[in-house]
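Single-structure report; data block below.
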Amino acid sequence: MSDTLDVGVRPPTRDERLTEQSLPARILVRPEVGALVGAIGVYILFFAVAEPFRGLDALATILYAGSTLGIPAVGVALLMIGGEFDLSTGVAVTSSALVASMFSFQLTANLWVGIAVSLLVALCIGWLNGYLVIRTGIPSFLVTLAMFLMLQGLNLAVTKIITGNVASPNISDMEGFDSARKIFAQEWSIGGANLRISVLWWLLFVALATWVLLRTRIGNWIFAVGGAAHSARGVGVPVNRVKIGLFMTVSALTWFTGMNLLFSFNSVQSGEGVGNEFLYIIAAVIGGCLLTGGHGSAVGAAIGAFIFGMTTQGIVYAGWNPDWFKFFLGAMLLAATLLNLWVRRRTEVTE
Amino acid sequence: MSDTTATGTRTPLLRLTGCAKHYGNIIALTGVDLEVCAGEVTCVLGDNGAGKSTLIKIISGMHQHDAGTYEVEGEPVRFASPRDALDRGIATVYQDLAVVPLMPVWRNFFLGSEKRKGFGPFSRLDVDLMRRTTKSELAAMGIDLRDVDQPIGTLSGGERQCVAIARAVYFGAKVLILDEPTAALGVKQAGVVLRYIVQARERGLGVVFITHNPHHAYPIGDRFLILNRGRSIGYHTKDEITREELTSLMAGGAELEQLSHELEQAATAAANGAASPSDAAGTTGRTAPAAEKEEAK
Ligand SMILES: Nc1ncnc2c1ncn2[C@@H]1O[C@H](COP(=O)(O)OP(=O)(O)OP(=O)(O)O)[C@@H](O)[C@H]1O
Ligand SMILES: [Mg+2]
């Protein structure tokens, strides 16, 4: 493999048979640019209409709201760049929290044991999603929709069997709670603003994902399997391993979000999380991820999640009817999709 | 260059015997023999749907054969993926080129064989090296790209073809497989590609060259496999066959006697004209293409 053939270097000659390249509008084609423009627009809007929106504490609240969506959205964006979907993410967050708390509670074990078991379960779910998609060739939309329904049922039924209730037991006095809370749900008060550790984790995950996407071999492979899986396989990319790995990454991040949820509130409702999967996907799409795969960025998805945070909080600060939130969501999704469509047209293959 | 067995014959880099491939109930290929030796060009010819691409997909690890044997340097193999074939030094230019349209040219060039620097978790892509190499390798092929960062989907069909070929030449350590590399190209670029094949051969690579066009195959080929409807209808070394026979075989042999006859007549007419120098090349075998190459330089 390392042997390469040095072909006799001939002076480069301009070949008049080949057409001149139109320099691609590279700046505009950057996936996150549309989202950034949108974010600035939304920020200015709420800054103008809502006085409380301008404070530092409001920013901290927005960032926290952004992080709860943004952490799973990092994984969802990577998966979407890799050409697949996961609809089970919303309920998987709840499942992770339920497994961790109920496992430890039932066995009166240290919470860290439950946390580890929960991670293991999450990774297995991700692996199963990926394996089924690879093995059967059934679109991930369907496979993970089935997983979504099954997890939703399990969340409700198993919680009911174990606790006789719709919520997990309160774990705040259990062994390991304090140390786990420091990792997953620590809060600091800085100048009146309430900074949460999940915001820092979010930034770290986004930075890590960006580095992986743009500067590592795995990142190259993620773009390739999403852009043209068959071609990627032809040049030696382990397509199946990359895809399964992506599903497992999503699961790991939903697990993390579940832990954040659990250690912020000490207890979770078994019916929670339904519908959030769409919010993660929409954040990724607003951030410039193509639904068809092969294009997108983690930073874009983060900006998408930040727009969410701003909109949910901004509407409250502005004293508007929260019903407007859904309208905003729809309008932004439409705008983002149109922009993506345009990007796609710019780089369409001309066979 | 190549290993020599006790009997003095060279072990081919690749040898297929009685290879067959089924797609469900469709028999795409059956009973095909093929050898590829170091420093030789093996041409595979045949009409559309004859099974040429199927054959090279077996060689390149994309598919597995259903019957027969496939040996690499005398050792029976069954590749699970193109990665395995690449690791044995077998590089392929697929008919559909196997490029990812939305990815930059340089990322496509190194896809699956990325150059990295740094260790362990800090191992990262050597972006500068890959950009420079892509630019210089393409320049060596006569393609002057303005920007190796543009998505490969924005290149013209011919340019994309050249990128795919340059990539395979760069990574093909022992065997280079080209599935109709000249099909999308103009006369001039096709000439460049043929010269590349000759160069690769001169450097001791085994080349498998698939084409529709006997006029591209004959001057540079050492062996010719002619496929028709999934079967081999002729496997000849250069000294056993003339350009005219090759052309007529390609047209379907005995099945299309009438057409074959017409073509023979046309070929004879052509032979009386301009084709006589290459006829001479045909009989002197391997030295002729080298001479052609010198001319080309
Ligand atoms: N994946 C597949 N599934 C079913 N049938 C296939 C598949 N791939 C190829 N075939 C069939 O096998 C036969 C040989 O196809 P192949 O692509 O090898 O032809 P070819 O000689 O490369 O043709 P061309 O010159 O047009 O490229 C064709 O009849 C084709 O329909
Ligand atoms: Mg073909």
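Could you calculate the FRET efficiency of A:Val316 with B:Asp149 from 1/(1 + (r/R0)^6), where r is the beta carbon distance between them and R0 is 56 Å, rounded to 0.05? Could you put the intermediate results ahead of the total?
On the way: r = 43 Å, r/R0 = 0.77.
That gives a FRET efficiency of 0.80.
Cross-link reach is defined here as a Cα-Cα straight distance under 18 Å, omitting same-chain residues fewer than 8 places apart; for B:Lys238 the lysines meeting it are B:Lys293.
Taking both sides together, the accessible area buried where A meets B is about 5000 Å² for a 1.4 Å probe.
Highest mean first, the peptides B:123-129, A:253-259, B:92-98, A:316-322 sorted by other C-beta atoms within 10 Å per residue fall in the order A:253-259, B:92-98, B:123-129, A:316-322. With everything on Cα atoms, drop me the angle between helix A:56-81 and the longest principal axis of chain A, reported from 0 to 90° to the nearest 10. It is inclined by approximately 50 degrees. Two numbers describe the Cα atoms of the protein assembly as shown: Rg and Dmax, which are 30.2, 100 Å.
Taking a ≥ b ≥ c as the square roots of the Cα gyration tensor eigenvalues, the stretch B:113-213 comes out oblate, since a/c reaches at least 1.5 and a/b does not exceed b/c.
Using a ≥ b ≥ c from the Cα gyration tensor of chain A (square roots of the eigenvalues), is it rounded, prolate or oblate, where a/c under 1.5 gives rounded and otherwise the larger of a/b and b/c decides, a/b for prolate? Please report the intermediate quantities before stating the final value.
Values: a/c = 2.09, a/b = 1.39, b/c = 1.50.
Taking the square roots of the gyration eigenvalues as a ≥ b ≥ c, chain A is oblate.
Which distance in Å, rounded to a whole number, links the C-alpha centroids of the stretch B:122-170 and the stretch A:247-283? What the calculation gives is 42 Å, centre to centre.
Under the simplified labelling scheme, the B:His22-B:Ala183 pair shows an inter-label distance of 2.6 nm, with each label point 7 Å from Cα along Cα→Cβ.
A 1.4 Å probe run over the protein chains yields, for chain A, 45 Å² of accessible area per residue, whole-number rounding. For the protein assembly as shown, the carbon plus sulfur part of the accessible surface works out to 61%, probe radius 1.4 Å.
At a threshold of 8 angstrom on Cα-Cα distance, excluding pairs fewer than six apart, so keeping six or more, what relative contact order does the stretch A:21-132 reach in percent? Provide the component values of the computation, followed by the final result.
Working: 40 pairs, mean separation 12.8, N = 112.
Averaging sequence separation for qualifying contacts and normalising by length gives 11 percent for the stretch A:21-132.
Here the spin labels are modelled as points 7 Å beyond Cα on the Cα-Cβ line, and at A:Ile161 and A:Lys326 they lie 3.5 nm apart. When Rg and Dmax are taken over the Cα atoms of the stretch B:3-131, they come to 17.9, 52 Å. In percent, rounded to a whole number, the relative contact order of chain A is 34, using alpha-carbon pairs under 8 Å and six or more apart.
Partners of B:Lys117 within straight-line reach, counting lysines whose Cα lies under 26 Å from its Cα and excluding those fewer than 8 residues away in the same chain: A:Lys243, B:Lys135, B:Lys174.
The mean count of C-beta atoms from other chains within 10 Å of the C-beta of residues in B:138-145, rounded to a whole number, is 5.
With N set to the number of residues, divide the alpha-carbon radius of gyration of the stretch B:164-218 by 2.2 N^0.38 Å and report two decimals.
Values: Rg = 10.5 Å, N = 55, 2.2 N^0.38 = 10.1 Å.
That ratio works out to 1.04.
Evaluate 2.2 N^0.38 Å with N set to the residue count of the stretch A:186-234, then give the Cα radius of gyration divided by it.
On the way: Rg = 17.5 Å, N = 49, 2.2 N^0.38 = 9.7 Å.
That works out to 1.81 for the stretch A:186-234.
Of B:Gly158, A:Cys124, B:Asn272, which is farthest towards the positive pole of the protein assembly as shown's charge dipole, taken about the Cα centre with +1 and -1 on the beta-carbons of Lys, Arg and Asp, Glu respectively? Towards the positive end, the residue furthest out is A:Cys124.
The label-point distance for A:Ile138 and B:Ala270, in a model that sets each label 7 Å from Cα toward Cβ, rounds to 5.5 nm. Shielding value for B:148-157 is 6, the average number of Cβ atoms from other chains within 10 Å of each residue's Cβ.
The values are calculated or read from the model by the stated rules, or taken from the named source; none is laboratory data. Note that the structure is predicted; figures quoted are calculated from it, not measured. No Cβ is skipped: glycine too gets one built from the backbone with ideal geometry, and neighbour counts run over all protein chains shown. To get the accessible areas, we keep the full protein, side chains included, count just its heavy atoms, and leave off ligands, DNA and RNA. Shrake-Rupley method; radii C 1.70, N 1.55, O 1.52, S 1.80 Å.
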